[in-house]
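Structure first, commentary second.
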Amino acid sequence: GAPGGAAGPPPPAPPKPVEHKVECSLEELYHGCSRRFRVGSQVVNLEVKPGWKAGTKISYDIDGQRVTFVVAEKPHPWLQRSGDDLKWLCEMTRTQASKGVKITVPTIDGGQVQVSTKGERVYHGGCKAVAGYGMPIKGGPARGSLIIEFRLRS
């Protein structure tokens, strides 16, 4: 053989995996949606399931190449996702906070939920959770909570 045990040129490296970003609105991640992608000679139908989170990866082998789709979440105008929960900021005056108020909160499914703070201690940065109004929890009918975060102004 060759001196020093050299075995000739190294084998060719496998092709690098290809990643495609799949941008979804919070509503699409809530309800689920489908996207079509052309990859080489094939069209891939990607089914985004309700409750999937940003960073979820789905991989396929297409034409001998590993293709990975990565879910990305578009910002929402009034809700912020935190795991399976959704956070909504509620601004009110200190007077409203001390007296208690009725709040109508828009939900991700297009509805509304009524919440009262009467008789509760409301403070700047404090939160109130409303169970069952968050994102679907993968694999079942359960949903996370809607978290109302209070911002007090003078």
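The values are calculated or read from the model by the stated rules, or taken from the named source; none is laboratory data. What you see is a predicted model; the values in this text were computed from it and never measured. Counting neighbours? That spans all protein chains shown, and the Cβs are built from the backbone with ideal geometry, glycine included.
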Quiz prompt | Boolean, ASP109 is assigned by the TED database to the domain that holds ILE148, modelled with pLDDT under 95 and either within 30 Å of ARG153 (Cα to Cα) or part of a strand (DSSP E or B) (or both) | solution = yes
Scanning the stretch 122-138 for residues that are touching a residue at least 60 places away in the same chain (Cβ under 8 Å) and out of contact with any strand residue (DSSP E or B) (no Cβ under 6 Å at 6 or more places or on another chain) gives ILE137, LYS138
Yes or no: the stretch 79-87 includes at least one residue that is surrounded by 13 or more Cβ atoms within 10 Å (Cβ to Cβ) and among the acidic types (Asp, Glu). yes
#### Entry: ARG81 vs. criteria assigned to a strand (DSSP E or B) and within 30 Å of ALA13 (Cβ to Cβ)
no
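For (1) over 26 Å from CYS127 (Cβ atoms); (2) basic (Lys, Arg), each residue gets a yes or a no:
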site	(1), (2)
ARG38	yes, yes
VAL44	yes, no
THR56	yes, no
PRO77	no, no
ASP85	no, no
*Determine whether the stretch 117-137 contains at least one residue that is surrounded by fewer than 18 Cβ atoms within 10 Å (Cβ to Cβ), among the charged types (D, E, K, R) and closer than 20 Å to LEU29 by Cα.*
no
Residue count, the stretch 19-44, condition β-branched (Val, Ile, Thr) and either in the same structural domain as THR107 (by the TED database) or free of Cβ contacts under 8 Å to residues at least 12 places away in the same chain (or both), comes to 1
